[in-house]
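The next block holds one structure in the form of structure tokens; read it before the comments.
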């Protein structure tokens, strides 16, 4: 199949109109009353403990404060000490984020849960993002989530409108799946793993 083949009729296009002209927030707030949304953010402690990474992460937390349609935000924290988990809580408090849960995977509570799951036949010995997200999605389900959003903790240009556009089709239009992309265009070419979804 050529790189630019497309066999379906649905296409993905760039966001072409100004965000102010197409405000999704009111519809998201209304729709979220009957479709409970949870956001998962898998992260390493280095996302906020390394000085050059911290402003990027703090911007994400600051942007999330204004998102009213999420019932819970789960921070899936890996490779972190207890003090670093407390530091994450302090960052959330600093920006007034209230509806969050810190899933401290290396802490005593989650370590014992992983041990129980391993004893029950789940193979969760491999550390990493997959294991982190497996537990986050389980927590989201236990919280009654009807849709789950997922973003990375290192998006340098994160803006809450990106999250609105990601979740709007799922929350307001009942789509089963929505995938965002971050524009990586240079030398008149598109780069990144998601580029073929756009063609």
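Take the conditions on the phi < 0 side of the Ramachandran plot and free of Cβ contacts under 8 Å to residues at least 60 places away in the same chain and apply them to residue 103. Does it pass?
Details: on the phi < 0 side of the Ramachandran plot: yes; free of Cβ contacts under 8 Å to residues at least 60 places away in the same chain: yes.
So residue 103 passes the test.
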Evaluate the following for residue 144: is it closer than 18 Å to residue 72 by Cβ, in a loop (DSSP other than H, G, I, E, B) and out of contact with any helix residue (DSSP H, G or I) (no Cβ under 9 Å at 6 or more places or on another chain)? yes
Of 139, 155, which residue is in contact with a helix residue (DSSP H, G or I) (Cβ under 9 Å, 6 or more places away or on another chain) and crowded, with 16+ Cβ neighbours inside 10 Å? 155
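FYI, it's all coordinate maths here, none of it is from the lab. As the structure is a prediction and not an experimental result, all values here were calculated from the model. Cβ sites come from the backbone with ideal geometry, for glycine too, and all protein chains shown count toward neighbours.
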